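Note sheet for the following structure.
The values are calculated or read from the model by the stated rules, or taken from the named source; none is laboratory data. Source: prediction; values computed, not measured. A quick note on method: Cβ atoms are made from the backbone with ideal geometry, for glycine too, and the neighbour counts reach across all protein chains shown. Areas reflect the complete protein model, heavy atoms only, side chains present, ligands, DNA and RNA absent. Shrake-Rupley method; radii C 1.70, N 1.55, O 1.52, S 1.80 Å.
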Amino acid sequence: MAILPILTKDEIQLMKKACQLAARTLEHVEKYIRVGITTNEIDQIIHDYTLSHGAQPSPLGYHGYPKSSCTSVNEVVCHGVPDETILKEGDIINVDVTSYLNGFHGDTSKTYFVGNKINENVRELVQVAYDCMMKGIEEVHPKNRTGDIGFAIDKYCTRKGFTTVKEIGGHGIGKKFHDEPFVPSFGKKGKGDPLIPWRCLTVEPMINETGASIKEIDIPNSSIKWYVTGDKTLSAQFEHTILVTDMGYEILTLP
Ligand code: MF3
Ligand code: CO
Ligand code: CO
(Lines give C-alpha, C1' and ligand atoms only; values in the text may rest on other atoms or scores of the structure.)
(Ligands and ions follow the chains in the order given, each with its own letter.)
Protein backbone atom coordinates (compact mmCIF):
# COMPACT_ATOMS: atom_id res chain seq x y z
CA MET A 1 0.00 0.00 0.00
CA ALA A 2 1.53 3.27 -1.12
CA ILE A 3 1.38 5.96 1.53
CA LEU A 4 2.60 9.42 0.76
CA PRO A 5 5.42 10.51 3.07
CA ILE A 6 5.11 13.26 5.65
CA LEU A 7 6.04 16.57 4.04
CA THR A 8 8.98 18.66 5.17
CA LYS A 9 8.54 22.41 5.77
CA ASP A 10 10.01 23.14 2.34
CA GLU A 11 7.78 20.59 0.65
CA ILE A 12 4.71 22.11 2.33
CA GLN A 13 5.63 25.46 0.77
CA LEU A 14 5.86 23.82 -2.68
CA MET A 15 2.57 22.00 -2.13
CA LYS A 16 0.95 25.31 -1.17
CA LYS A 17 2.19 26.87 -4.42
CA ALA A 18 0.64 24.08 -6.53
CA CYS A 19 -2.63 24.36 -4.61
CA GLN A 20 -2.71 28.16 -4.92
CA LEU A 21 -2.25 27.88 -8.66
CA ALA A 22 -5.11 25.38 -8.94
CA ALA A 23 -7.34 27.74 -6.95
CA ARG A 24 -6.36 30.77 -9.02
CA THR A 25 -6.95 28.81 -12.23
CA LEU A 26 -10.49 28.02 -11.09
CA GLU A 27 -11.00 31.68 -10.16
CA HIS A 28 -9.75 32.68 -13.62
CA VAL A 29 -11.97 30.29 -15.57
CA GLU A 30 -15.04 31.22 -13.52
CA LYS A 31 -15.29 34.52 -15.43
CA TYR A 32 -15.86 32.63 -18.69
CA ILE A 33 -18.60 30.26 -17.52
CA ARG A 34 -21.75 31.45 -19.23
CA VAL A 35 -24.47 30.37 -21.67
CA GLY A 36 -22.92 29.50 -25.05
CA ILE A 37 -19.38 28.47 -24.02
CA THR A 38 -18.33 24.88 -24.76
CA THR A 39 -16.65 22.62 -22.24
CA ASN A 40 -13.70 22.36 -24.66
CA GLU A 41 -13.28 26.14 -24.49
CA ILE A 42 -13.30 25.98 -20.68
CA ASP A 43 -10.65 23.24 -20.86
CA GLN A 44 -8.51 25.31 -23.23
CA ILE A 45 -8.62 28.31 -20.86
CA ILE A 46 -7.48 26.05 -18.01
CA HIS A 47 -4.77 24.50 -20.16
CA ASP A 48 -3.35 27.86 -21.29
CA TYR A 49 -3.51 29.45 -17.83
CA THR A 50 -1.71 26.46 -16.30
CA LEU A 51 1.11 26.45 -18.86
CA SER A 52 1.52 30.23 -18.70
CA HIS A 53 2.17 29.84 -14.95
CA GLY A 54 4.92 27.28 -15.47
CA ALA A 55 2.79 24.29 -14.44
CA GLN A 56 1.26 21.23 -16.09
CA PRO A 57 -2.41 20.20 -15.96
CA SER A 58 -2.28 16.92 -13.98
CA PRO A 59 -5.23 15.28 -15.79
CA LEU A 60 -3.67 15.55 -19.29
CA GLY A 61 -2.37 12.09 -20.17
CA TYR A 62 -3.10 10.74 -16.69
CA HIS A 63 -3.90 7.05 -17.31
CA GLY A 64 -4.69 8.12 -20.86
CA TYR A 65 -7.13 10.89 -19.89
CA PRO A 66 -7.34 13.16 -22.97
CA LYS A 67 -8.00 16.65 -21.49
CA SER A 68 -6.57 19.15 -19.00
CA SER A 69 -9.60 19.31 -16.69
CA CYS A 70 -12.90 17.62 -15.90
CA THR A 71 -16.15 19.40 -16.77
CA SER A 72 -19.15 17.59 -15.34
CA VAL A 73 -22.50 19.01 -16.51
CA ASN A 74 -25.87 18.27 -14.82
CA GLU A 75 -26.21 14.46 -14.41
CA VAL A 76 -22.48 13.88 -14.82
CA VAL A 77 -21.20 12.86 -11.40
CA CYS A 78 -17.47 13.37 -12.12
CA HIS A 79 -14.68 13.08 -14.71
CA GLY A 80 -16.82 14.65 -17.44
CA VAL A 81 -14.53 14.93 -20.46
CA PRO A 82 -14.55 18.37 -22.13
CA ASP A 83 -16.06 18.29 -25.62
CA GLU A 84 -18.25 20.40 -27.93
CA THR A 85 -21.14 20.52 -25.41
CA ILE A 86 -22.51 24.08 -25.27
CA LEU A 87 -23.60 25.30 -21.83
CA LYS A 88 -27.21 26.41 -21.66
CA GLU A 89 -29.40 28.42 -19.31
CA GLY A 90 -30.09 26.54 -16.09
CA ASP A 91 -27.24 24.01 -16.37
CA ILE A 92 -24.88 23.29 -13.51
CA ILE A 93 -21.26 22.45 -14.20
CA ASN A 94 -18.50 21.19 -11.95
CA VAL A 95 -15.08 22.32 -13.14
CA ASP A 96 -12.25 20.28 -11.62
CA VAL A 97 -8.70 21.65 -11.89
CA THR A 98 -5.51 19.91 -10.84
CA SER A 99 -2.17 21.70 -11.25
CA TYR A 100 1.24 20.03 -11.18
CA LEU A 101 3.88 22.53 -10.12
CA ASN A 102 7.40 21.91 -8.82
CA GLY A 103 6.69 18.22 -8.27
CA PHE A 104 3.39 18.61 -6.37
CA HIS A 105 -0.29 18.32 -7.31
CA GLY A 106 -3.03 20.70 -6.10
CA ASP A 107 -6.64 19.60 -6.75
CA THR A 108 -9.83 21.70 -6.44
CA SER A 109 -13.29 21.93 -7.98
CA LYS A 110 -16.48 23.94 -7.78
CA THR A 111 -19.97 23.64 -9.17
CA TYR A 112 -21.24 26.72 -11.03
CA PHE A 113 -24.66 27.84 -12.21
CA VAL A 114 -25.02 28.71 -15.89
CA GLY A 115 -27.18 31.78 -16.48
CA ASN A 116 -29.48 33.11 -13.79
CA LYS A 117 -32.72 31.15 -14.13
CA ILE A 118 -31.79 28.54 -11.56
CA ASN A 119 -34.57 26.65 -9.87
CA GLU A 120 -34.71 26.56 -6.10
CA ASN A 121 -34.13 22.78 -5.80
CA VAL A 122 -30.99 23.08 -7.88
CA ARG A 123 -29.68 25.91 -5.71
CA GLU A 124 -30.36 23.76 -2.67
CA LEU A 125 -28.48 20.76 -4.12
CA VAL A 126 -25.41 22.86 -4.93
CA GLN A 127 -25.46 24.57 -1.52
CA VAL A 128 -25.72 21.19 0.22
CA ALA A 129 -22.77 19.87 -1.82
CA TYR A 130 -20.68 22.83 -0.66
CA ASP A 131 -21.81 22.48 2.94
CA CYS A 132 -21.07 18.72 2.87
CA MET A 133 -17.51 19.44 1.76
CA MET A 134 -17.08 21.93 4.62
CA LYS A 135 -18.59 19.51 7.17
CA GLY A 136 -16.07 16.91 5.99
CA ILE A 137 -13.15 19.33 6.13
CA GLU A 138 -14.05 20.34 9.70
CA GLU A 139 -13.43 16.72 10.75
CA VAL A 140 -9.82 16.79 9.55
CA HIS A 141 -7.79 16.45 12.73
CA PRO A 142 -4.95 14.10 13.74
CA LYS A 143 -7.25 12.47 16.33
CA ASN A 144 -9.77 11.58 13.60
CA ARG A 145 -9.94 9.02 10.81
CA THR A 146 -11.34 9.00 7.28
CA GLY A 147 -14.58 7.51 8.64
CA ASP A 148 -15.17 10.67 10.72
CA ILE A 149 -15.05 12.75 7.53
CA GLY A 150 -17.42 10.39 5.71
CA PHE A 151 -19.82 10.19 8.63
CA ALA A 152 -20.16 13.98 8.87
CA ILE A 153 -20.74 14.32 5.13
CA ASP A 154 -23.32 11.56 4.88
CA LYS A 155 -25.20 12.64 8.00
CA TYR A 156 -25.64 16.21 6.76
CA CYS A 157 -26.48 15.12 3.20
CA THR A 158 -29.10 12.60 4.30
CA ARG A 159 -30.69 15.14 6.62
CA LYS A 160 -31.10 17.46 3.64
CA GLY A 161 -32.77 14.71 1.58
CA PHE A 162 -29.95 14.05 -0.89
CA THR A 163 -27.59 11.09 -1.43
CA THR A 164 -23.80 10.82 -1.24
CA VAL A 165 -21.88 8.89 -3.89
CA LYS A 166 -20.22 5.92 -2.18
CA GLU A 167 -18.08 4.52 -5.01
CA ILE A 168 -15.84 7.56 -5.53
CA GLY A 169 -14.31 9.99 -3.04
CA GLY A 170 -11.31 11.97 -1.93
CA HIS A 171 -7.71 10.79 -1.86
CA GLY A 172 -4.25 11.36 -0.55
CA ILE A 173 -2.36 13.85 -2.72
CA GLY A 174 1.09 15.45 -2.94
CA LYS A 175 3.91 14.12 -5.07
CA LYS A 176 1.31 11.74 -6.48
CA PHE A 177 -2.07 12.82 -7.89
CA HIS A 178 -4.00 9.99 -6.20
CA ASP A 179 -2.82 7.88 -3.28
CA GLU A 180 -3.99 6.36 -0.01
CA PRO A 181 -6.05 7.09 1.96
CA PHE A 182 -9.45 6.85 0.22
CA VAL A 183 -11.63 9.60 1.72
CA PRO A 184 -15.23 8.35 1.62
CA SER A 185 -18.43 10.43 1.72
CA PHE A 186 -19.96 7.98 4.20
CA GLY A 187 -18.60 5.99 7.10
CA LYS A 188 -18.44 5.32 10.78
CA LYS A 189 -16.93 7.58 13.42
CA GLY A 190 -13.51 6.37 14.53
CA LYS A 191 -13.17 3.94 11.59
CA GLY A 192 -11.03 4.08 8.47
CA ASP A 193 -7.48 5.31 7.97
CA PRO A 194 -5.85 7.69 10.47
CA LEU A 195 -5.26 11.32 9.43
CA ILE A 196 -1.56 11.93 9.74
CA PRO A 197 -0.15 15.46 10.26
CA TRP A 198 1.82 17.03 7.43
CA ARG A 199 0.20 14.91 4.76
CA CYS A 200 -2.44 16.17 2.34
CA LEU A 201 -5.76 14.78 1.23
CA THR A 202 -8.77 15.98 -0.73
CA VAL A 203 -12.33 16.25 0.52
CA GLU A 204 -14.61 16.08 -2.50
CA PRO A 205 -18.08 14.70 -1.83
CA MET A 206 -20.39 14.11 -4.80
CA ILE A 207 -24.00 14.80 -3.85
CA ASN A 208 -26.89 13.45 -5.90
CA GLU A 209 -30.52 14.53 -6.07
CA THR A 210 -31.78 10.94 -5.80
CA GLY A 211 -30.54 7.58 -4.59
CA ALA A 212 -30.37 6.12 -8.11
CA SER A 213 -27.22 4.08 -8.71
CA ILE A 214 -24.51 5.67 -10.79
CA LYS A 215 -23.35 4.39 -14.19
CA GLU A 216 -19.71 4.06 -15.23
CA ILE A 217 -18.80 5.00 -18.80
CA ASP A 218 -15.51 4.28 -20.60
CA ILE A 219 -13.23 6.98 -21.96
CA PRO A 220 -11.58 5.73 -25.20
CA ASN A 221 -7.90 4.75 -24.73
CA SER A 222 -8.02 5.57 -21.02
CA SER A 223 -8.46 3.55 -17.84
CA ILE A 224 -10.24 6.55 -16.24
CA LYS A 225 -14.04 6.26 -16.25
CA TRP A 226 -16.63 8.96 -16.16
CA TYR A 227 -19.86 8.61 -14.23
CA VAL A 228 -23.48 9.69 -14.59
CA THR A 229 -26.54 9.31 -12.40
CA GLY A 230 -28.61 6.29 -13.48
CA ASP A 231 -31.82 8.33 -13.67
CA LYS A 232 -30.34 11.49 -15.23
CA THR A 233 -31.03 13.59 -12.13
CA LEU A 234 -28.45 16.14 -11.02
CA SER A 235 -25.16 15.67 -9.19
CA ALA A 236 -23.05 18.43 -7.59
CA GLN A 237 -19.56 18.51 -6.09
CA PHE A 238 -16.93 20.74 -4.49
CA GLU A 239 -13.32 19.86 -3.72
CA HIS A 240 -10.46 21.28 -1.69
CA THR A 241 -6.96 19.99 -1.00
CA ILE A 242 -6.33 19.93 2.74
CA LEU A 243 -3.13 19.77 4.80
CA VAL A 244 -3.49 17.79 8.02
CA THR A 245 -1.70 19.79 10.74
CA ASP A 246 -0.81 18.99 14.35
CA MET A 247 -3.80 21.12 15.43
CA GLY A 248 -6.36 20.24 12.74
CA TYR A 249 -6.25 21.32 9.14
CA GLU A 250 -5.40 24.00 6.63
CA ILE A 251 -7.29 24.45 3.35
CA LEU A 252 -4.59 24.87 0.69
CA THR A 253 -6.77 25.53 -2.36
CA LEU A 254 -8.18 28.90 -1.30
CA PRO A 255 -7.20 31.56 -3.87
N1 MF3 B 1 -9.39 15.85 -10.28
C2 MF3 B 1 -10.07 14.58 -10.15
C3 MF3 B 1 -10.11 14.30 -8.66
O4 MF3 B 1 -10.62 15.09 -7.95
C5 MF3 B 1 -9.40 13.47 -10.85
C6 MF3 B 1 -9.43 13.58 -12.30
S7 MF3 B 1 -8.54 12.28 -12.94
C8 MF3 B 1 -8.72 12.55 -14.56
O9 MF3 B 1 -9.57 13.38 -8.14
F10 MF3 B 1 -7.94 11.75 -15.14
F11 MF3 B 1 -10.02 12.33 -14.85
F12 MF3 B 1 -8.45 13.78 -14.80
CO1 CO C 1 -9.39 14.92 -6.24
CO1 CO D 1 -10.27 17.09 -8.57
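Figures for the structure shown
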read-out: Enumeration of residues in region 131-176 that are under 21 Å from Asp107 (Cα atoms), in contact with a helix residue (DSSP H, G or I) (Cβ under 6 Å, 6 or more places away or on another chain) and either open to solvent by 30 Å² or more (accessible area, probe 1.4 Å) or of a type in the set (Lys, Arg) (or both); value: Lys135, Glu139
read-out: Strands (runs of 3 or more DSSP E) wholly inside region 195-255 that include at least 2 residues being modelled with pLDDT of 95 or more, closer than 22 Å to Gly147 by Cα and within 16 Å of ligand 3 (Cβ to nearest atom); value: 200-203, 206-208, 235-237, 240-244
read-out: Check on Leu60, within 16 Å of ligand 2 (Cβ to nearest atom), modelled with pLDDT of 95 or more, in a loop (DSSP other than H, G, I, E, B) and surrounded by fewer than 24 Cβ atoms within 10 Å (Cβ to Cβ); value: yes
read-out: Given (1) in contact with a Lys or Arg (Cβ under 8 Å, 6 or more places away or on another chain); (2) open to solvent by less than 30 Å² (accessible area, probe 1.4 Å); (3) closer than 18 Å to Ala152 by Cβ, number of the condition Leu252 does not satisfy; value: (3)
read-out: Long-range neighbours under 6 Å by Cβ, at least six apart or interchain, first residue farther than 18 Å from Glu139 by Cβ within region 196-215, second at pLDDT 95 or above and crowded, with 24+ Cβ neighbours inside 10 Å; value: Asn208/Ser235; Ile214/Val77
read-out: Conditions (1) touching a Ser or Thr at 6+ places or on another chain (Cβ under 8 Å); (2) surrounded by fewer than 23 Cβ atoms within 10 Å (Cβ to Cβ): number failed by Asn221; value: (1)
